[in-house]
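Following: one structure in structure tokens, then a few remarks.
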């Protein structure tokens, strides 16, 4: 299956939007989708223009999760080295800020992609869940970690062990998502938010992401030290000088990412 | 418009499934039929579905109205009565107390529970009205957002509906 037929990528005003386009199977993930998304995320990270990435499945469905045959063909040995496993990692590892625009079903691997974003904006029709337990397996791409990051260990356990789905407003209430918007306005709202975020100082935004993600692989003390290092490095940037000059001059700063 | 006929042998799981299917179509939903059953714990599934429905929901109460019918009435956007009757105090159950407090407000919920006749309690609470589906439809998502989101987020939600209507 050609990647172009299952992923659509567009770039406008520093925002790269990556859309899953398999509506006939409610945006189910297969190797082509995962590889296509990962390629598009990595390309955005190195194109020198993109400041923000938006991941979406469009206005109807984010993704119902992995194609069942993507899992059934795996063995214990093959899964660890499979392109789908690395696809999730490559998407998660981008240094750019990522906004997930979620509508309708956001299940399994789709949910793992969405929750790995820095900001999750959902429509009022969104439904989140990790149903893998019902197949006798576990979420294997972040679904045993990412709920806890946002909504706590209880929500994590209920989702991953219970396989229970939660709807948009409940997701908002427990902190799983950051904003609920009307389904009809989801894509335009996220586009506007992404443009706004793209106007922030790019180096500083990436530094925030790096500092936040540090807790995934460091102790709290090491992450705080990492934050100090990031801050110190930023003080030498043109963006920091521009930001301070603009503040003192009472004008809007223009950040170049240098 | 989708019509869902409810029967007394329909358990809560069946009712939840039927509601989900009907609401997925996105059309206005009209519910009619037998609504005399008691409320059991399984009712939580369809209560959540109905409380967050994006489409307008109309309920016709007829015959013997039990706690299930009263719950449907409290959750619906429009309610009509047709040869309906209800046993005294049928509305004095915990699930209905929660629904009344959520839908009518804490003060009105107390008045609702204090009135011994369930149908009169519904009438006095202002629940029995035949709001037009198209009028409700235009405001349904905003009404649900107001019930579910903190005030500022609900206002922001409604503002996006305005913006979207202006742009289209």
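For this structure, a couple of remarks:
- Compactness relative to 2.2 N^0.38 Å, alpha carbon Rg of the protein assembly as shown: 1.14
- The stretch B:19-90, relative contact order [Cα under 8 Å, separation at least 6], %: 34
- Residue order, fewest to most beta carbons within 10 Å, for A:193, A:24: A:24, A:193
- By other beta-carbon atoms within 10 Å, ranking B:46, A:147 with the fewest at the front produces B:46, A:147.
- A convex hull fitted to the Cα coordinates of the stretch A:111-190 yields 79 cubic angstrom per residue.
- Neighbour counting of Cβ atoms within 10 Å sorts the residues A:167, B:21, fewest neighbours leading, into B:21, A:167.
- Distance between the stretch A:90-126 and the stretch A:179-258 - C-alpha centres, whole angstrom: 19
- Using alpha-carbon coordinates, inclination of helix A:186-198 to the longest axis of chain A, degrees: 40
- Principal-axis tilt of helix A:238-248 within chain A, Cα atoms, nearest 10 degrees: 60
- Measuring nothing but how far apart in sequence close Cα pairs (under 8 Å, 6+ apart) lie, relative to its length, chain B scores a relative contact order of 18 percent.
- For the peptide B:50-57, the mean number of other protein chain Cβ atoms found within 10 angstrom of a residue's Cβ is 1.
- Rounded to 10°, Cα long-axis angle of helix B:12-24 versus longest principal axis of chain B: 30
- Evaluated at q = 0.11, 0.21, 0.23 Å⁻¹, a Debye calculation over the C-alpha positions of the stretch B:40-153 (equal weights, vacuum) places log10 I(q)/I(0) at -0.34, -1.24, -1.44.
- Taking each DSSP H run with n ≥ 4 as -39500 (n - 2.57) and averaging over every residue of chain B yields -16500 deg cm²/dmol at 222 nm.
- Prolate/oblate/rounded label for the stretch A:112-258 (Cα gyration tensor, a/c 1.5): oblate
- The mean count of C-beta atoms from other chains within 10 Å of the C-beta of residues in A:183-190, rounded to a whole number, is 4.
- Estimated 222 nm signal from helices in chain A, with DSSP H stretches of n ≥ 4 weighted -39500 (n - 2.57), rounded to 500: -13500 deg cm²/dmol
- When you restrict to C-alpha pairs under 8 Å that are six or more residues apart and normalise by the size of chain A, the relative contact order lands at 16 percent.
Values in this text are rule-based calculations from the coordinates and carry no lab data. On a predicted model such as this, the values are computed, not experimentally measured, just so you know. Every residue, glycine as well, gets a Cβ built from its backbone with ideal geometry; the counts of neighbours run over all protein chains shown.
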